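Notes to accompany the following structure.
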Amino acid sequence: MNVTVLQHPLAAHFLTHLRDRTTKPALFRLLCKRLTVLLAVEASAHLALRPRIIETPLEPFEGRVLDEPLVAVPVLRAGLGMLDPLVEFFPDVSVGYIGLERDEATAVASSYYAKLPRMSGRTTLVLDPMLATGGSADQAIATVKAAGAGQVLMLSIVAAPEGVTRVNAAHPDVPIFTAGLDRGLNDRKYILPGLGDFGDRLYGTEST
Ligand code: PRP
Ligand code: URA
């Protein structure tokens, strides 16, 4: 399996609180943002830099800056929780949206929305907090590639081995970053131990 799992102790700390069933939506959103910052730092190590000459107050300096603009594509709806920290990190980022929803009975994701900026050759970060069967991530990555994306990176908060294996097989060129690699899926294709339905917990729409 080709996946980078965050090793920083803060990732374990934030993720444990995120998983906790007593964590309410306001804290859940905050923890999601903090984990996304850690994921962005980790994933940034894979981004290309280009030289840039600037003037310090004392003399010219040849430094290096990110080869921007980048594109960020949250998968609606849960991926929206990861967008704010990305935009703060990369202020010039272009943002596209892909709407996918899993059928509750089959766990197969279907598309209901897509709006992408100019992608041609641009490095693209696909944001989806849960990588369960991998069906949503597979579709989202295929969509950005079809639109002309350059290097694609996948950022998730919790991943199941099944999802990683599927995305690795369909998109071996796409590195996956996650805060937690879990045990597997239950019979409803929810991640175990997981954290439940991310979108519901993010937006306070749980029915129980
Ligand atoms: C969740 C999650 C992922 C998907 C992961 O979305 O946000 O997009 O499931 O599952 P998969 O790897 O098996 O495809 P959901 O379809 O529940 O929609 P939501 O974000 O609108 O709640
Ligand atoms: N989507 C979620 O929100 N949680 C899971 O465990 C699986 C898919």
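Looking at segment 121-132, is at least one residue at pLDDT 95 or above, within 18 Å of residue 1 (Cα to Cα) and in contact with a Ser or Thr (Cβ under 8 Å, 6 or more places away or on another chain)? Yes: segment 121-132 contains one or more residues that are at pLDDT 95 or above, within 18 Å of residue 1 (Cα to Cα) and in contact with a Ser or Thr (Cβ under 8 Å, 6 or more places away or on another chain).
A quick yes/no check of all residues on (1) within 10 Å of ligand 2 (Cβ to nearest atom); (2) under 16 Å from residue 97 (Cα atoms):
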site	(1), (2)
129	yes, yes
147	no, yes
155	no, yes
166	no, no
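When 28, 61 are screened for being modelled with pLDDT of 95 or more, among the hydrophobic types (A, V, I, L, M, F, W, C) and open to solvent by 70 Å² or more (accessible area, probe 1.4 Å), only 61 passes. Only residues that are part of a strand (DSSP E or B), more than 13 Å from ligand 1 (Cβ to nearest atom) and of a type in the set (S, T, N, Q) were counted in segment 142-185, giving 0. Among the criteria (1) under 21 Å from the mean Cα position of the chain (by Cα); (2) without any contact (Cβ under 8 Å) to a residue 24 or more places away in the chain; (3) open to solvent by less than 70 Å² (accessible area, probe 1.4 Å), the one residue 56 does not fulfil is (1). Every listed requirement among (1) under 15 Å from the mean Cα position of the chain (by Cα); (2) within 11 Å of ligand 2 (Cβ to nearest atom); (3) of a type outside the set (A, V, I, L, M, F, W, C) is met by residue 151 save one, (2). For residue 143, the conditions (1) within 12 Å of ligand 2 (Cβ to nearest atom); (2) at negative phi are fulfilled apart from (1). Being without any contact (Cβ under 8 Å) to a residue 24 or more places away in the chain, outside any strand (DSSP E or B) and touching a strand residue (DSSP E or B) at 6+ places or on another chain (Cβ under 8 Å) is the requirement here; does residue 41 meet it? So residue 41 fails the test.
The values are calculated or read from the model by the stated rules, or taken from the named source; none is laboratory data. For clarity, every value in this text was computed on a predicted model and none was experimentally measured. Neighbour counts are summed over all protein chains in view; Cβ atoms, including those assigned to glycine, are modelled from backbone coordinates with ideal geometry. These area figures cover heavy atoms from the full protein model, side chains too; ligands, DNA and RNA do not enter into them. Shrake-Rupley method; radii C 1.70, N 1.55, O 1.52, S 1.80 Å.
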